[in-house]
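What follows is a short report on a single structure.
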Amino acid sequence: MSDHQFRQAARPDAALSPDSLIPPSSFPGTPDAAPRLLPFFIQRDGTWLYRGSEIKRKAMLCMFSSMLTRDPEGTYWLKTQMEQGIIQVEDVPFVAVELDFRGTCGRQQNLCFRTNMDELICIGPEHPLSCDWDRPSEECASVPYVHVRDGEGAFPILARVTRSVHYELAALAVPGHVKGQTCLGVWSQDCFFPLSRPA
């Protein structure tokens, strides 16, 4: 997409459609050809950049995010019916920015996140919460992530839980067990998710 085409698509009165935002280009003729690298970059805080400039229109961001997938090697792709290409992601594509508590306390409570794309994700068997114990972080001792949706292989598409939401989760933490080891964690939809490393 040229800079002019992107500016035209970003106009407030422009129609948002996959075809207008990512127009068709000449594809390599063989399946072994190197994939195209699109000029998108998703920062760790969830900011989307196009050629180094922030994309601010929420409707456009939500549309792009719905086209995002992940291949069996863990690479992120932006795919439409007309075109596809690799995009760069600093950490994970989405950020959980708000926590919503539903239901009764304890095992039957339902903890839901709102992402930076205004998608509601409820922690449970289909959207498990996990912590990366080994990733360095200036924010917390561990970095929590929630499963947003499946990729095309074993690598899921995740949202990173922000520091403020992590603190809210920590306030709800109770003692529990994972594989016979004691830890602190939260219950949601009758599933226990550890927030501290089992010891």
(request) Specify the residue that is nearest to GLY52 (Cα to Cα); the eligible residues are those in segment 77-92 that are open to solvent by less than 20 Å² (accessible area, probe 1.4 Å) and aliphatic (A, V, I, L, M). (result) ILE87
(request) Report yes if some residue within segment 69-76 is open to solvent by less than 20 Å² (accessible area, probe 1.4 Å) and modelled with pLDDT under 95; otherwise report no. (result) no
(message) Pull out all pairs, ordered by first then second residue, where Cβ-Cβ is under 9 Å, the residues are six or more apart or on different chains, the first lies in segment 154-169 and is touching a residue at least 40 places away in the same chain (Cβ under 8 Å), and the second is of a type in the set (Lys, Arg).
(response) PHE155/ARG70; PRO156/ARG70; PRO156/ARG149; ILE157/ARG70; ILE157/ARG149; ARG160/ARG44
(message) Let me spell it out: the conditions are (1) within 15 Å of the chain's Cα centre (by Cα); (2) open to solvent by less than 30 Å² (accessible area, probe 1.4 Å), and GLY176 meets all of them except one. Which number is the exception?
(response) (1)
(request) Looking only at segment 93-108, count how many residues are touching a residue at least 60 places away in the same chain (Cβ under 8 Å) and open to solvent by 10 Å² or more (accessible area, probe 1.4 Å). (result) 7
(request) Answer yes if at least one residue in segment 170-193 is free of Cβ contacts under 8 Å to residues at least 12 places away in the same chain and in a helix (DSSP H, G or I), and no otherwise. (result) yes
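The values are calculated or read from the model by the stated rules, or taken from the named source; none is laboratory data. For clarity, every value in this text was computed on a predicted model and none was experimentally measured. Counting neighbours? That spans all protein chains shown, and the Cβs are built from the backbone with ideal geometry, glycine included. Ligands, DNA and RNA are excluded from the accessible area calculation, which covers all protein heavy atoms including side chains. Shrake-Rupley method; radii C 1.70, N 1.55, O 1.52, S 1.80 Å.
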